[in-house]
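As structure tokens, the structure follows; a few thoughts come after it.
The values are calculated or read from the model by the stated rules, or taken from the named source; none is laboratory data. Treat the numbers as computed from the prediction; the structure is a model and nothing was measured. Counting neighbours? That spans all protein chains shown, and the Cβs are built from the backbone with ideal geometry, glycine included. The protein model used for the area step is the full one, side chains on, heavy atoms only, and it has no ligands, DNA or RNA in it. Shrake-Rupley method; radii C 1.70, N 1.55, O 1.52, S 1.80 Å.
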Number of protein chains: 4
Amino acid sequence: MARKRKSKQREGNEIEFSRIVAFSDGVFAIAITLLVLNLEIPEHLASGEIAHSLWEQREFFFAYALSFAVIGRFWLVHHRFFSEVRAFDGRLIVLNLLYLGWIVLIPFSSEVLGEYGGTAAAIVLYAANLTGVVLTGMWMAADARRAGLVETSPGAHREQRYRSLFIATVFLVSIPVAFVAPGIAAFIWLALFFDPAARFASAEESH
Amino acid sequence: MARKRKSKQREGNEIEFSRIVAFSDGVFAIAITLLVLNLEIPEHLASGEIAHSLWEQREFFFAYALSFAVIGRFWLVHHRFFSEVRAFDGRLIVLNLLYLGWIVLIPFSSEVLGEYGGTAAAIVLYAANLTGVVLTGMWMAADARRAGLVETSPGAHREQRYRSLFIATVFLVSIPVAFVAPGIAAFIWLALFFDPAARFASAEESH
Amino acid sequence: MARKRKSKQREGNEIEFSRIVAFSDGVFAIAITLLVLNLEIPEHLASGEIAHSLWEQREFFFAYALSFAVIGRFWLVHHRFFSEVRAFDGRLIVLNLLYLGWIVLIPFSSEVLGEYGGTAAAIVLYAANLTGVVLTGMWMAADARRAGLVETSPGAHREQRYRSLFIATVFLVSIPVAFVAPGIAAFIWLALFFDPAARFASAEESH
Amino acid sequence: MARKRKSKQREGNEIEFSRIVAFSDGVFAIAITLLVLNLEIPEHLASGEIAHSLWEQREFFFAYALSFAVIGRFWLVHHRFFSEVRAFDGRLIVLNLLYLGWIVLIPFSSEVLGEYGGTAAAIVLYAANLTGVVLTGMWMAADARRAGLVETSPGAHREQRYRSLFIATVFLVSIPVAFVAPGIAAFIWLALFFDPAARFASAEESH
């Protein structure tokens, strides 16, 4: 009740609303670009050692590519979610900030992953970070739906829930695997590039 | 007098106005994202030392979370203030730049706090930085109101003044405490997550 | 078929579309600005050594100027391409992210080029990075055209293809040259500042 | 002639135009925020040394404040100039990129100034950098006016020219002074915070 009264319609508050979105986009764009700072080359190498030194950094390049894809994907999900938001209140803004707080941590977790990719600690940190993103995202979406701030078709809603659950499962599964076989855990994450939710949801729709 | 003549209405100058807001949002977004650069992991650790090394950094994680919340909150206040601005002049732009100058210092103060969290110097630096933000914000708001640039209901105005005073008080109180018991001063800042102003102002409104 | 159904017209989805563009602009702006972090000055120099130390960094200044021009030029091409986009789908967004992933690598390749400018490894890395940008850009443009997402006059289309081919050729040619005479390869890139495509295409138009 | 044909009116190309402005704002916002990275605190200090170490950095704080004010001021000038732009062409975009290339160098020049503030080399570098900004800005403004891209009242035009000449003079004067008395040169820059142009131009207007 108290909440409804304070929520503002997106229509008529376009500038205020687009500031939230622009701020989020800014944070996403900076976080994804800061990933490049994890790539470094030692100074004063002999000219024959450069190629070797770059090859030595292959774990950092892998972490760069993975994290770029991951942040890009989260940005996409965020993008779709906010395109359905019709009204906003202080609580949505705060939850969105919390969500961004997890996103901004990714360049750090990615650095640890590049440096110590074969260890359980690095895998667990990375998986925990991304699980934080996904769970906060689900919380934000569920909360906005309960407060009537979004206008989602039941199909799209189901698709989003499937997708979030799928992503969270992939990361949670990788954590125990990291303790047994840290070298394999990161490969489990490749499953993220498939999107069963889209296929599943569109299969339903065609009935 | 001279000032009135030079102020521009927001309506009819939307692009120019939104540039000021977009620039401010950009600075907020970059400052909040640069916080992640304060988190670092030493190179060449043995695989058993990584978790320990991350745990050693807990003060940096605390500083990260605190500063993320603090910058996020200031962004929110800035956001609300500018949603009420109806006209702008050169003076508002300059005061806004001064305000942003304090905001951009926060990643540095936060780094000092993460490195030397238990010392009076770090606490005083951090509190002085945030007090700078709050006082400049109050100055900007008061100046804009005097020049007739904002359109605030008396209730909202009172709420903003209470909130700013409350935040400034919390930080100013923490400075002497830092000299006596530096470990306790940071906990005083947790009071910030309560917002007595909102409750107080809405209580008044219902009369 | 399946793709057409999912694409959204730009008109009527302006906010969603402009978020993609704003995110891309943000990434370009950050990547181009991070170039400055490759410039450094050693601490504790005697006052007579400073000018000399700056002069020693001339390769870094060259790399800065080159990469600034290169990212600026890519931004321009991206800018023009997106000004012709009339509809978008998930695939365009993903290809755009892949494109940005190459752009964000440039500050790193540029750092290697500044540090090891006279070596084949640095030249090849830089050329490979830019070739990655160009080829992904051509892929994105071709894909969007096939899916009917852009509205390009045949002349503009030809101009873009000529330009991309020209840029890719310049970089690919520089790779073998780098192995024979690394000092010369970078000068081949100066050809980029001529734009034969524009002249060629407008010559055609006047027929 | 050839140029006129290619220029686009701002009206009807608002999105393309606002992308140029948004990109510029992004670069300004990032450059101004990166200034904070020049502030650093050594690790592993004893708790009594922290305040002293911060005090030792006072030159860096001075450079931070100066460069923040300088970039902020240039942003303001850029802001005003683009609010008068009515049409744009490729040349304006390229000159704008060149202008931004000088802006992005400021965090580096500022770092050198913080580290070696009392030396001629640091002062000359800083002054050369800012002179680069001002001259490119004047070139861009003159070029746009000649091509009929801006719509400036004669008074505003005169004001801009006075201001640019005043700023350039201040920096050019400081260069020879730096060789004789480097400690004094930076104080000459304080003249920048007066704006004789505004007063002069408005005096003229009132006739």
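Observations, loosely collected:
- Criterion: under 19 Å from C:V94 (Cα atoms) and of a type in the set (D, E, K, R) - qualifying residue of A:R86, A:R80, A:R91: A:R80
- Sole residue being modelled with pLDDT of 85 or more and not polar (S, T, N, Q), chosen from A:L172, A:L130: A:L130
- Single residue of B:F62, B:F68 found to be within 14 Å of chain A (Cβ to nearest Cβ), among the aromatic types (F, W, Y) and open to solvent by 30 Å² or more (accessible area, probe 1.4 Å): B:F62
- Condition met for B:F187 (exposed (fewer than 13 other Cβ atoms within 10 Å of the Cβ), at negative phi and of a type outside the set (V, I, T)): yes
- In region D:165-176, the residues that are free of Cβ contacts under 8 Å to residues at least 40 places away in the same chain and open to solvent by 30 Å² or more (accessible area, probe 1.4 Å): D:L165, D:F166, D:T169, D:V173, D:P176
- Within region D:71-103, the set of residues being within 14 Å of chain B (Cβ to nearest Cβ) and more than 25 Å from B:E14 (Cα to Cα) comprises D:I103 only.
- Tally of residues being within 7 Å of chain B (Cβ to nearest Cβ) and either assigned to a helix (DSSP H, G or I) or under 15 Å from A:A128 (Cα atoms) (or both) across region A:104-116: 7
- Scanning region D:77-87 for residues that are of a type outside the set (G, A, S) and open to solvent by less than 20 Å² (accessible area, probe 1.4 Å) yields D:H78, D:H79, D:F81, D:F82, D:V85.
- Residues (within 18 Å of C:V36 (Cα to Cα) and either facing chain C (nearest Cβ under 7 Å) or aromatic (F, W, Y) (or both)) located in region A:36-52: A:V36, A:L39, A:I41, A:E43
- Answer from B:F28, B:F17 - the residue that is aromatic (F, W, Y), in contact with a helix residue (DSSP H, G or I) (Cβ under 8 Å, 6 or more places away or on another chain) and either within 13 Å of chain D (Cβ to nearest Cβ) or surrounded by 19 or more Cβ atoms within 10 Å (Cβ to Cβ) (or both): B:F28
- Leading residue by the ranking (nearest to B:F61 (Cα to Cα)) among those in region A:114-130 that are in contact (Cβ under 8 Å) with a residue 24 or more places away in the chain and open to solvent by 10 Å² or more (accessible area, probe 1.4 Å): A:A128
- Residue check for C:L100: out of contact with any Lys or Arg (no Cβ under 8 Å at 6 or more places or on another chain), open to solvent by 10 Å² or more (accessible area, probe 1.4 Å) and closer than 26 Å to A:A31 by Cβ: no
- Residue within region C:144-156 that is closer than 20 Å to A:E40 by Cα and of a type outside the set (D, E, K, R) present: no
- One residue stands out among those in region D:131-160 that are without any contact (Cβ under 8 Å) to a residue 24 or more places away in the chain and among the basic types (K, R): the one that is most open to solvent (accessible area, probe 1.4 Å), which is D:R146.
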